[in-house]
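Below you'll find the structure, written out as structure tokens, and then a few comments.
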Amino acid sequence: MTAAAPRHAGAFLTIDLKAIVANWRLLSARLGGAACAAVVKADAYGLGAAAVSSALETAGCRAFFVALPEEGAKVRQAVSDWSRIFVLNGTPQGAEADFVARSLGPVVNTMGELAAWRAHAARSGRRLTVALQLDTGMSRLGLTPADTASIAADPVLLEGLAVELVLSHLACADEPDHPGNAAQLEAFRRMRAELPPAPASLANSSGIFLGAAYYFDLARPGAALYGINPTPWAANPMRSAVRLSARVVQLRDVSADTGVGYGHAASTPRPSRLATISLGYADGWPRNAMAAAFFRGARLPFLGRVSMDSIVLDATDGPAALREGDLVDLICLEQGVDDIARAAGTIDYEILTRLGRRLHRRHINPPGRLGLTG
Ligand SMILES: *Cc1c(COP(=O)(O)O)cnc(C)c1O
């Protein structure tokens with residue numbers, strides 16, 4: 001079985017690599033002397049980790065973060081040997097040799113993992129690099145203050161290991177006035193001082209907007225690279241990087257009071273023109289997100305329930321030029337990921353990461369080798 005030709009795809013996700021690179025550059029510039037990494041976990045938030053990582057490396061990014069070793073292996077194939085790839089969710093037991101072989105940077109979260117790396121260094125007779133994640137107040141992942149105190153008291157706990165990075169993650173960075181931010185910053189400084197000197201990393205996307213005290217040596221944005229607003233309290237400084245389009249598979253003219261879709265959850269208030277599009281909840285569109293599609297700037301609202309593979313639009317007031325086979329837009333300038341998240345009662349991150357495998361992804365505007373088009 002061969003894949004259907006893209007021109008026959010039901011829906012497209014177009015990913016603008018130039019916009020992602022521009023977003024990375026904007027954050028880099030803001031960071032001054034600190035470096036800017038890229039968080040490409042969950043397949044770069046659904047946008048394609050290989051293409052995104054490769055584009056960002058061309059632009060100068062040298063550090064990538066993923067959640068899992070398998071994700072790291074995929075990114076490793078897309079970037080050069082000199083770029084670092086850190087695996088945030090730690091090392092599964094016994095995976096140490098695999099990490100070394102694939103040149104993946106382990107992020108050590110527990111004293112048990114630290115012991116496993118010490119043992120692996122002793123076994124292999126090599127000094128191994130590790131990153132240490134500190135729990136400074138999110139209570140999710142990382143070494144505790146008691147752990148860093150015991151390392152300070154007993155340096156043998158780091159025998160055979162070189163600490164390449166010390167990192168922590170902010171729980172409340174998207175709320176600049178939240179007291180948790182200053183508390184985590186303070187805890188990070190305190191815990192870091194108990195460890196051997198090493199580059200430090202604290203800020204995620206929103207953390208980059210909390211001020212220079214949060215920059216340290218390396219920032220780790222994910223969401224903002226993909227166009228999600230890192231400053232929800234203000235206008236979005238990032239460029240949008242995705243467009244979702246779906247094909248109109250059928251147009252029909254119906255009389256007033258015609259039931260539409262499952263359960264006849266809606267019916268036409270007047271004689272109507274309906275357009276059925278090839279996109280549904282199996283493509284990651286949230287079933288409860290009632291929104292609209294856009295055709296040449298005209299808004300075509302959803303009518304009735306979202307199905308697995310289709311959505312019915314009310315095209316009565318839309319352009320007469322709309323034809324079966326045309327593409328309409330669902331993530332576009334008129335309707336952002338934030339609008340869909342609001343309609344679904346969730347956050348932008350979840351909308352992006354759930355966009356389905358069935359969408360035909362196409363990456364446009366890859367940066368030129370010399371950065372001429374970046
Ligand atoms: C996901 C994640 C990030 C990126 O966060 P954004 O809010 O998407 O910028 C950074 N650091 C860690 C530890 C993460 O888990």
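Can you tell me which condition Val75 does not meet? The list is (1) away from the ligand (no atom under 15 Å from the Cβ); (2) more than 22 Å from Asp135 (Cα to Cα), and all the others hold.
Going through the list (1) away from the ligand (no atom under 15 Å from the Cβ); (2) more than 22 Å from Asp135 (Cα to Cα), Val75 breaks only (1).
Tell me, which residue of region 83-101 that is more than 16 Å from the ligand (Cβ to nearest atom) and modelled with pLDDT of 95 or more is surrounded by the fewest Cβ atoms within 10 Å (Cβ to Cβ)?
Checked region 83-101; the qualifying residue surrounded by the fewest Cβ atoms within 10 Å (Cβ to Cβ) is Ala101.
Is it true that Glu113 is without any contact (Cβ under 8 Å) to a residue 24 or more places away in the chain, closer than 30 Å to Asn365 by Cα and of a type outside the set (Gly, Ala, Ser)?
No, not satisfied.
With respect to Leu143, is the statement that it is in the same structural domain as Arg220 (by TED's automatic domain parsing), within 28 Å of the chain's Cα centre (by Cα) and of a type in the set (A, V, I, L, M, F, W, C) true?
So Leu143 passes the test.
If you take the residues in region 235-255 that are assigned to a loop (DSSP other than H, G, I, E, B) and away from the ligand (no atom under 16 Å from the Cβ), which one is surrounded by the most Cβ atoms within 10 Å (Cβ to Cβ)? Spell out the reasoning first.
Start the filter on region 235-255 by keeping residues that are assigned to a loop (DSSP other than H, G, I, E, B), which leaves 235-241, 255.
Those still in the list that are away from the ligand (no atom under 16 Å from the Cβ) too: 235, 255.
Values: Ala235: 6, Ser255: 9.
Per the criteria, the residue is Ser255.
Filter region 136-179 for residues that are touching a helix residue (DSSP H, G or I) at 6+ places or on another chain (Cβ under 9 Å), in a loop (DSSP other than H, G, I, E, B) and within 15 Å of the ligand (Cβ to nearest atom) and give the result.
Thr136, Gly137, Met138, Ser168, His169, Leu170, Ala171, Cys172, Ala173, Asp174, Glu175, Pro176
Restricting attention to region 189-205, and to residues there that are part of a loop (DSSP other than H, G, I, E, B), within 16 Å of the ligand (Cβ to nearest atom) and not hydrophobic (A, V, I, L, M, F, W, C), which single residue is nearest to Pro232 (Cα to Cα)? I'd like the intermediate steps shown before the answer.
If we filter region 189-205 for residues that are part of a loop (DSSP other than H, G, I, E, B), which is where we start, we get 193-199, 202-205.
Remaining after also requiring within 16 Å of the ligand (Cβ to nearest atom): 199, 202-205.
Narrowing the set further to residues that are not hydrophobic (A, V, I, L, M, F, W, C) leaves 199, 204-205.
Details: Pro199: 29, Asn204: 14, Ser205: 11 Å.
Applying the filter and picking the extreme gives Ser205.
Can you say whether Ala122 is at pLDDT 95 or above, assigned to a helix (DSSP H, G or I), closer than 16 Å to Val156 by Cβ and open to solvent by 10 Å² or more (accessible area, probe 1.4 Å), as far as the supplied structure shows? Step through it out loud before you land on a result.
Details: at pLDDT 95 or above: yes; assigned to a helix (DSSP H, G or I): yes; closer than 16 Å to Val156 by Cβ: yes; open to solvent by 10 Å² or more (accessible area, probe 1.4 Å): yes.
Taking the combined requirement at face value, the residue satisfies it.
Do any helices (runs of 4 or more DSSP H) entirely within region 24-119 hold 1 or more residues that are on the phi > 0 side of the Ramachandran plot and touching a strand residue (DSSP E or B) at 6+ places or on another chain (Cβ under 9 Å), and if so, which?
Numbers: elements: 41-45, 49-59, 69-78, 96-101.
So the answer is 41-45.
Is there any pair linking a residue in region 157-168 that is under 17 Å from Tyr215 (Cα atoms) to one that is of a type in the set (D, E, K, R) and open to solvent by 30 Å² or more (accessible area, probe 1.4 Å), with Cβ under 7 Å and at least six apart or on different chains, and which?
Taking only residues 6 or more apart or on different chains, the pairs are Val166/Arg192.
The values are calculated or read from the model by the stated rules, or taken from the named source; none is laboratory data. What you see is a predicted model, and the numbers here were worked out from it, not measured in a lab. So basically every Cβ, Gly included, is an ideal-geometry build from the backbone, and we count neighbours across all protein chains shown. The accessibility values were calculated without ligands, DNA or RNA, using every heavy atom of the protein model including side chains. Shrake-Rupley method; radii C 1.70, N 1.55, O 1.52, S 1.80 Å.
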